[in-house]
């Protein structure tokens, strides 16, 4: 089954609202093995909407429309679907009773405009919406399916889960499973060079994404069932790990600070922080880890303008460790470059077993520079902890 999504609403084209429906529905389709090939955004113009919907229905088996089911003149999704299928809309008595009852329960007078939400065409069955006045439409005709869902996420997502997902799931199809490998220390171009042959495979597929915590490799497999899909993923994951080795630091939902928390607690160690350039972002990030109070004993934040890089990161790491009597001290100091989009960051780790120092050149806007310095520091801390383990 080939699917297509149409997000309707002029407000989306004007940038007044962000289309969050597409990403949600796309992820749901993937769970059922339904291929999503096209996504469109169209405004509240009948002719253009009709043209987009006709094209979608001609080339896709399943067309999912979000928005345009309200009571106003700009809500034209019903009219467009009726026009495409050349069917007449008529008020459904059951829907009329529901909508009038909805307003009555709220003690409100129902505007006459809301009656258009009680309309159906012969090919459409209504989808209940207990959270609003806009029922959805499910249409099957000529071997094609059109699904129309309300725009508010609080109404659309429950309707999808309760009405649409079960109907599509019953139709069978493949299962799609994904796993993400997270790497650090290798550029996207270098990874592409190393694993390029895997990116041309039809199943599983491999895609690369640049993120704040490194380069992610997403392996996606399609099979008749989850067990077979996982076998495909596991085979490729072993190969990729053999190629990338220690650059792989986590998978899927792993978070770096949580990984560090697990490592440091497993070794029974304690940690203190000192920083100038990052203005407290390092200790803030570490403190967000679960049970951070068990290992994170304190931190020093020195005003970077006052410090003027006079205090080295190595000295700061020693000061932090001694002040809080911890096993490890980690520090970041830095100096902005001549332009505002570069910086020289110094990272130091001091422990009873030795010292680690790194100087790196970073690029980006000020907030980005600080985040990148923190990530670099955390990855070097992880490296030290892994070597200790």
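The values are calculated or read from the model by the stated rules, or taken from the named source; none is laboratory data. Keep in mind that this is a model prediction, so the values were computed, not measured. We place every Cβ from the backbone using ideal geometry, glycine too, and count neighbours over all the protein chains shown.
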Within the group 306, 316, which residue is loosely packed, with under 14 Cβ neighbours inside 10 Å, modelled with pLDDT under 95, outside the structural domain of residue 203 (by TED's automatic domain parsing) and in a helix (DSSP H, G or I)?
306
Surrounded by 15 or more Cβ atoms within 10 Å (Cβ to Cβ) and more than 22 Å from residue 135 (Cβ to Cβ), is that true of residue 33?
yes
Confirm whether residue 131 is at pLDDT 95 or above and either outside any helix (DSSP H, G or I) or more than 21 Å from residue 7 (Cβ to Cβ) (or both).
no
So, in the stretch 256-298, exactly how many residues are in contact with a strand residue (DSSP E or B) (Cβ under 7 Å, 6 or more places away or on another chain), surrounded by 18 or more Cβ atoms within 10 Å (Cβ to Cβ) and closer than 16 Å to residue 334 by Cβ?
8
Residues located in the stretch 36-61, provided they are within 24 Å of the chain's Cα centre (by Cα), surrounded by 21 or more Cβ atoms within 10 Å (Cβ to Cβ) and under 29 Å from residue 228 (Cβ atoms)
none
Selected residue (criterion: surrounded by the fewest Cβ atoms within 10 Å (Cβ to Cβ)) from residues of the stretch 111-128 that are touching a helix residue (DSSP H, G or I) at 6+ places or on another chain (Cβ under 8 Å) and part of a loop (DSSP other than H, G, I, E, B):
128
Going through the stretch 268-285 one residue at a time, which ones are free of Cβ contacts under 8 Å to residues at least 40 places away in the same chain and either over 30 Å from the mean Cα position of the chain (by Cα) or farther than 13 Å from residue 324 by Cβ (or both)?
268, 280, 284
Regarding the stretch 8-18, can at least one residue be identified that is more than 22 Å from residue 157 (Cβ to Cβ) and either in a loop (DSSP other than H, G, I, E, B) or outside the structural domain of residue 158 (by TED's automatic domain parsing) (or both)?
yes
When you go through 87, 97 one by one, which is the residue that is in a helix (DSSP H, G or I), farther than 30 Å from residue 178 by Cβ and in contact with a helix residue (DSSP H, G or I) (Cβ under 9 Å, 6 or more places away or on another chain)?
97
For residue 70, indicate whether it is in contact with a strand residue (DSSP E or B) (Cβ under 8 Å, 6 or more places away or on another chain) and within 19 Å of residue 7 (Cβ to Cβ).
no
Looking at the structure I just gave you, is residue 74 part of a loop (DSSP other than H, G, I, E, B) and surrounded by 17 or more Cβ atoms within 10 Å (Cβ to Cβ)?
no
Could you check the stretch 147-170 and list, in sequence order, the residues that are part of a loop (DSSP other than H, G, I, E, B) and either outside the structural domain of residue 121 (by TED's automatic domain parsing) or crowded, with 20+ Cβ neighbours inside 10 Å (or both)?
150, 151
Sole miss for residue 245 among (1) over 24 Å from the mean Cα position of the chain (by Cα); (2) buried (at least 18 other Cβ atoms within 10 Å of the Cβ) is condition (2)
Test residue 40 against the stated conditions and say whether it is within 20 Å of residue 144 (Cα to Cα), out of contact with any helix residue (DSSP H, G or I) (no Cβ under 8 Å at 6 or more places or on another chain) and in the same structural domain as residue 120 (by TED's automatic domain parsing).
no
Residue 336 fails exactly one of (1) loosely packed, with under 15 Cβ neighbours inside 10 Å; (2) at pLDDT below 90; (3) more than 14 Å from residue 379 (Cα to Cα), namely (1)
I'm checking my understanding of the structure. Among residues of the stretch 174-194 that are part of a loop (DSSP other than H, G, I, E, B) and touching a residue at least 40 places away in the same chain (Cβ under 8 Å), which one is nearest to the chain's Cα centre (by Cα)?
184
Sole residue being under 26 Å from residue 218 (Cα atoms), free of Cβ contacts under 8 Å to residues at least 40 places away in the same chain and in contact with a strand residue (DSSP E or B) (Cβ under 8 Å, 6 or more places away or on another chain), chosen from 36, 31
36
Working carefully through the options 10, 18, find the one that is modelled with pLDDT under 90 and farther than 19 Å from residue 166 by Cβ.
18
